[in-house]
Amino acid sequence: MSTYNPGHAGGPAGYDELGRIRGGGHAPGLEALMDIAGRLTETLRTEYPGLVSQGEVIERELALSAEDGLPPNRGRIRSALEHIAIGAAAGTGSLTFTQHLTHALDL
């Protein structure tokens, strides 16, 4: 069992004390998604360096969405999340952030 805890009491806005996305049943905004994607990429750097490029794809698509105001490319994000989910072991931070994004984007 992993002791990894992506959040902590008094952590960043948008997360509860267990590192889960706060939202009261609605999807987090683009800024929160970008934060999660950034945290995913940083976690991948530590846990799975070979998957960092997948995290960067997600970050890039969300940044592009913020720039042009259009919805993010869900196909590219879904593909990157699937690659990470296949390579990340249960109980890791990488898989936790992947699951958060998959749920938040309803993929």
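The values are calculated or read from the model by the stated rules, or taken from the named source; none is laboratory data. All values reported here derive from a predicted model rather than from experimental measurement. Reconstructed Cβ throughout: ideal geometry from the backbone, glycine too, with neighbour counts over all protein chains shown. All accessible areas refer to the heavy atoms of the entire protein, side chains included, with ligands and DNA or RNA removed. Shrake-Rupley method; radii C 1.70, N 1.55, O 1.52, S 1.80 Å.
Laid out as a table, the results:
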| quantity | calculated |
| --- | --- |
| Given (1) touching a residue at least 12 places away in the same chain (Cβ under 8 Å); (2) not in a loop (DSSP other than H, G, I, E, B); (3) not aromatic (Phe, Trp, Tyr), index of the condition GLY91 fails | (2) |
| Count of region 72-100 residues which are within 18 Å of ASP35 (Cβ to Cβ) and touching a helix residue (DSSP H, G or I) at 6+ places or on another chain (Cβ under 6 Å) | 10 |
| Residue that is in contact with a Leu (Cβ under 8 Å, 6 or more places away or on another chain), of a type in the set (S, T, N, Q) and part of a helix (DSSP H, G or I), where the choices are SER65, SER53 | SER65 |
| Unmet requirement for GLY75, which otherwise passes all of (1) over 12 Å from LEU30 (Cα atoms); (2) open to solvent by 60 Å² or more (accessible area, probe 1.4 Å); (3) in a helix (DSSP H, G or I) | (2) |
| Checklist (1) surrounded by 12 or more Cβ atoms within 10 Å (Cβ to Cβ); (2) modelled with pLDDT of 50 or more applied to GLY7, failing item | (2) |
